[in-house]
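Q: Shown below is the structure under consideration.
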Amino acid sequence: MGYKEQFEEIYSSKIKRNGAAELLAWLNSTDFFTAPASTKFHCACLGGLVQHSVNVYRVMREKHFDPKTDSEESFAICALLHDVCRAQFYKKGSRNVKNEETGAWEKRPFYSIDDRYPYGHGEKSVFLIERFVRLKTSEAIAIRWHMGGFDDSAKGGSFAISQAYEKYPIAVKLHLSDLESTYLREKGTSMVHHR
């Protein structure tokens, strides 16, 4: 089963909230299921964004789910949708790269960012989701701060991230799952060679 099918199976079986069908239809109208997850690092490949989303869900569910305190629906919403801000975000092109073995120049895929709605990373995902589905406060906070210390506000000195992680354990669980997926499970998933 491909990542799109896995995503849709998890989504449909776990997310029952009003607007869920409309949100999935909107995702299908965008490049969400074909877009990369990054320009050159993890999952910089066709379908990389949905691959990353499913990976984050799997890590989060396997390592951090507590049936006494956690919601299956919240886990699915946070993990599968944390990066919807990356839909309609990348532009695909190609560039010439020298093959070190043959010495010949070859065309290689290349992704660049074309953000038509520069609203912030986590903030933009929350905004896009909420056009269709009402998020719980804990879900909105988790998605907003899933980038952890990589978030521009955190890099700028904001202390809100500490309060978010202190008050909402799901925010910590999503961030840790995103980190593990990106840096451990998705190592070597980029089709783009970076320097």
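Q: Consider the stretch 128-164. How many of its residues are aromatic (Phe, Trp, Tyr), over 17 Å from Asn18 (Cβ atoms) and surrounded by 15 or more Cβ atoms within 10 Å (Cβ to Cβ)?
A: Quick first cut of the stretch 128-164, residues aromatic (Phe, Trp, Tyr) only: 132, 145, 150, 159.
Now drop any that are not over 17 Å from Asn18 (Cβ atoms), which leaves 145, 150, 159.
Applying the additional criterion that residues be surrounded by 15 or more Cβ atoms within 10 Å (Cβ to Cβ) yields 145.
So the count comes out to 1.
Q: At least 1 residues that are farther than 24 Å from Gly48 by Cβ, in contact with a Phe, Trp or Tyr (Cβ under 9 Å, 6 or more places away or on another chain) and modelled with pLDDT of 85 or more in each: list the helices (runs of 4 or more DSSP H) lying fully within the stretch 76-169 that qualify. Walk me through how you get there before you give the answer.
A: Values: elements: 121-130, 137-144, 152-155, 160-167.
Per the criteria, 137-144, 160-167.
Q: How many residues are without any contact (Cβ under 8 Å) to a residue 40 or more places away in the chain and farther than 23 Å from Cys45 by Cα when one looks only at the stretch 152-184?
A: Step one: filter the stretch 152-184 for residues without any contact (Cβ under 8 Å) to a residue 40 or more places away in the chain, giving 152-168, 171-172, 175, 179, 184.
If we keep only those that are farther than 23 Å from Cys45 by Cα as well, we get 152-168, 171-172.
Final tally of qualifying residues: 19.
Q: Still on this structure, please answer the following. Tally time: how many residues in the stretch 122-150 are under 15 Å from Lys167 (Cα atoms) and in contact (Cβ under 8 Å) with a residue 40 or more places away in the chain? Don't jump to the end; show me each part of the working.
A: At the first step, the residues of the stretch 122-150 found to be under 15 Å from Lys167 (Cα atoms) are 136-146, 148.
Within this subset, residues satisfying the condition of being in contact (Cβ under 8 Å) with a residue 40 or more places away in the chain are 136, 138-139, 142-143, 146.
Residues meeting the conditions: 6.
The values are calculated or read from the model by the stated rules, or taken from the named source; none is laboratory data. Predicted model, so just to flag it, every value in this text is computed and none were measured. Quick reminder, even Gly has a Cβ in these numbers, built from the backbone with ideal geometry, and neighbours come from all protein chains shown.
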